[in-house]
Protein chains: 2
Amino acid sequence: MTSHAYLVDDDDAIRDSLCWLLESRGVPCRSYPSAEDFLAAWNSSLAGCVLLDIRMDGMSGPELFDLLGERGSTLPVIFLTGHGDVPMAVSALKKGAFDFVEKPCNDNELVNRVIEALTLDANQRVAASGADSINTLISRLTARERQVMERVLAGKLNKVIADELQISMRTVEVHRANLFEKMGVRTAVELAQLLAGKRS
Amino acid sequence: MTSHAYLVDDDDAIRDSLCWLLESRGVPCRSYPSAEDFLAAWNSSLAGCVLLDIRMDGMSGPELFDLLGERGSTLPVIFLTGHGDVPMAVSALKKGAFDFVEKPCNDNELVNRVIEALTLDANQRVAASGADSINTLISRLTARERQVMERVLAGKLNKVIADELQISMRTVEVHRANLFEKMGVRTAVELAQLLAGKRS
DNA sequence: CGCGGTATTGCGGATTTCCACAATATGCGC
DNA sequence: GCGCATATTGTGGAAATCCGCAATACCGCG
């Protein structure tokens, strides 16, 4: 999924001109005439950022913003508005909007913000992919292996784990070795380091 | 250091009325007639939050905000302004201000924001104290113990560590046991958990 | 100079982990 | 039913860790 700027505005002229501006600066751009249109097109694998008009027919910009958040979007959102007020800007930013700019605005400024947002999103994605691949690894463990892993991470001895799980020590050793193998580590400490912070 | 609201505004009447409002709601408050006054009184152990007027004689609110940031303040800052515009609010929030409210504002709203900011600050402090106490623990280790700890956290076997440090395995065992004792853990895994994330 | 803290090492035994080899049982899909 | 993945257990030995007891050495402080 290439990184795009997703422009949502119900004004045809603005959509066209902004889209042209961005593409002329090397930023791939797709535009949508309504919040509903973008929401329909959105899926969690979209990468890039969103340029969102505040006031639109149908669903408003902030409403779309909230909805995207609920659906797990992490796309940076830049609000665009011709008639914004301070409380609206404050509210948007406190909810995690990337920026809030008033129309008309300086072209270079806007393109810069878009590029910043694109960069942020790219960084977020590499960071997330780390956690993701770890969760993928964990997902490949069997239930037993996960139970053993939990207890290994709690610093428990095999014999204690065996006792807690009501199985023999030998079995614990087997699960332990298997899960280390699957997680690609050689020691319990490496496992702890691997999962440091991003627990699932 | 008790948690306070630090009010910085050059308008006597506003200072008095806001201070009275906050104290009447149970929020201890101290006020300063200028940014310079607060800056002089500030030190890194102050706890609470800052209520900052934008436009003041001498140093402006945003200028003070930047300076505090440079000096390592983590106090949440709520900007107060009677004539703010959107770009100003956006700029403040993107720089990390806690909130940005326009005067006149609803008393309850403001008090709520202050309490939120106070809560945030308190949470930040407990989080920081955790990292701090860990660093304190580490600082009590001897040089050798730290060297051993590094390698233990790298998942190395005692024999390897002994080899790297050119000492006997027995010595490594001793250092290892001592540092576990000092760090208050019983296993290498616990140590890794303890230092998960906040490495010094 | 003696005391205390740190660093160092050895011995020997208890405990634990690691692993190869080997085997049984269950459940699931073709 | 057969093959495969998973779970389970055992034997036995090599390797590593854990730990008490004991000793030597260096260094800074009073």
Margin query: Being within 12 Å of DNA strand D (Cβ to nearest atom) and either in contact with a strand residue (DSSP E or B) (Cβ under 6 Å, 6 or more places away or on another chain) or within 13 Å of chain B (Cβ to nearest Cβ) (or both) is the filter here; which residues of segment A:162-182 pass it?
Written below: A:Arg176
Next item on the list: Please work out if A:Ile78 is touching a His at 6+ places or on another chain (Cβ under 9 Å) and either over 25 Å from B:Val86 (Cα atoms) or open to solvent by less than 40 Å² (accessible area, probe 1.4 Å) (or both).
Entry: no
Margin query: Out of everything in segment A:13-37 that is in contact with a helix residue (DSSP H, G or I) (Cβ under 7 Å, 6 or more places away or on another chain) and in a helix (DSSP H, G or I), what residue ends up being surrounded by the fewest Cβ atoms within 10 Å (Cβ to Cβ)?
Written below: A:Leu21
Checklist line | Tally, over segment B:109-161, of residues that are away from DNA strand C (no atom under 13 Å from the Cβ), modelled with pLDDT of 90 or more, away from chain A (no Cβ under 14 Å) and open to solvent by 60 Å² or more (accessible area, probe 1.4 Å) | finding: 6
Margin query: Out of the residues in segment A:183-200 meeting the condition of being surrounded by fewer than 14 Cβ atoms within 10 Å (Cβ to Cβ) and within 12 Å of another protein chain (Cβ to nearest Cβ), tell me which one is nearest to DNA strand C (Cβ to nearest atom).
Written below: A:Arg186
Next item on the list: Just give me the residues in segment A:66-87 being within 17 Å of A:Val114 (Cβ to Cβ) and at the interface with chain B (Cβ under 10 Å from one of its Cβ atoms), in sequence order.
Entry: A:Phe79, A:Thr81
Check: From the list B:Ala89, B:Ala40, which residue is open to solvent by 60 Å² or more (accessible area, probe 1.4 Å) and either in contact (Cβ under 8 Å) with a residue 24 or more places away in the chain or on the phi < 0 side of the Ramachandran plot (or both)?
Finding: B:Ala40
Notebook entry, point to check: What residue, among those in segment A:51-75 that are outside any loop (DSSP other than H, G, I, E, B) and open to solvent by 20 Å² or more (accessible area, probe 1.4 Å), is nearest to A:Asn123 (Cα to Cα)?
Noted result: A:Gly69
Check: Quick check: anything in segment A:43-52 at positive phi and more than 14 Å from chain B (Cβ to nearest Cβ)?
Finding: yes
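The values are calculated or read from the model by the stated rules, or taken from the named source; none is laboratory data. Being a predicted model, the structure only gives us computed values, none of them experimental. Note: ideal-geometry Cβ built from the backbone for every residue, glycine included; neighbour counts use all protein chains shown. Note: areas computed on protein heavy atoms with side chains; ligands, DNA, RNA excluded. Shrake-Rupley method; radii C 1.70, N 1.55, O 1.52, S 1.80 Å.
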